[in-house]
Amino acid sequence: MKRSEVNREREVVRQILTDAGIAIAPTDEVEVADFGLGRYRTEGLGLIVRVNEPEYCSKWLTLLPGQECPWHYHKLKKETFFVYKGVVDLWSDDTQHALEPGQQFTIKPGVWHKFSSSTGAVIEEVSTHDQNSDSYFRNPEIVRDPAVEED
């Protein structure tokens, strides 16, 4: 993605969280993950890492309407998704789960999963320690930390 696109989408993520009643500090780092595919609005994820300690991690995740976080798994990380706003379609292995606000779902290490939302969503992820290098994707073209292209 180009720097101007990343900056624009960061503001969209901030607004989604603000509209959900979640206070975000001006210094909070917003990640706009397009997985190097250049299709952020359909295959991507907005996120803020709230804390990432050796024992635990907490993130706010945002999905735009029609956006999907692609198939992946983690060898080490165990994560629980708490749906805060919107409806989330989560696939765990080959089973689909429709999660509404207030519902949660835990994914153990080694389990393939993906999630999307037709309405847009806000999710709190609580997990064991997170490392970007512990994400393994089905699509071999995906890059977890792609370079941002300067305008």
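Inside the stretch 60-78, residues that are under 27 Å from residue 18 (Cβ atoms) and open to solvent by 10 Å² or more (accessible area, probe 1.4 Å) make up a count of 5. Scanning the stretch 1-15 for residues that are among the acidic types (Asp, Glu) and closer than 18 Å to residue 43 by Cβ, we see that the one that is most open to solvent (accessible area, probe 1.4 Å) is 5.
Taking the stated definitions as given, is residue 85 touching a Pro at 6+ places or on another chain (Cβ under 8 Å) and open to solvent by less than 10 Å² (accessible area, probe 1.4 Å)? For residue 85, the condition - touching a Pro at 6+ places or on another chain (Cβ under 8 Å) and open to solvent by less than 10 Å² (accessible area, probe 1.4 Å) - is not met. Scanning the stretch 94-131 for residues that are part of a strand (DSSP E or B) and either at pLDDT below 95 or in contact with a helix residue (DSSP H, G or I) (Cβ under 7 Å, 6 or more places away or on another chain) (or both) returns a single hit, 122. Of the residues contained in the stretch 26-48, one or more are found to be surrounded by 13 or more Cβ atoms within 10 Å (Cβ to Cβ), over 15 Å from the mean Cα position of the chain (by Cα) and of a type outside the set (A, V, I, L, M). Among the residues of the stretch 99-151, those that are open to solvent by 40 Å² or more (accessible area, probe 1.4 Å), touching a Gly at 6+ places or on another chain (Cβ under 8 Å) and not charged (D, E, K, R) comprise 101, 118, 119, 143, 146.
The values are calculated or read from the model by the stated rules, or taken from the named source; none is laboratory data. This is a predicted model, so every value here is computed, not measured. No Cβ is skipped: glycine too gets one built from the backbone with ideal geometry, and neighbour counts run over all protein chains shown. Accessible surface is based on the protein model in full, side chains and every heavy atom, while ligands, DNA and RNA are left aside. Shrake-Rupley method; radii C 1.70, N 1.55, O 1.52, S 1.80 Å.
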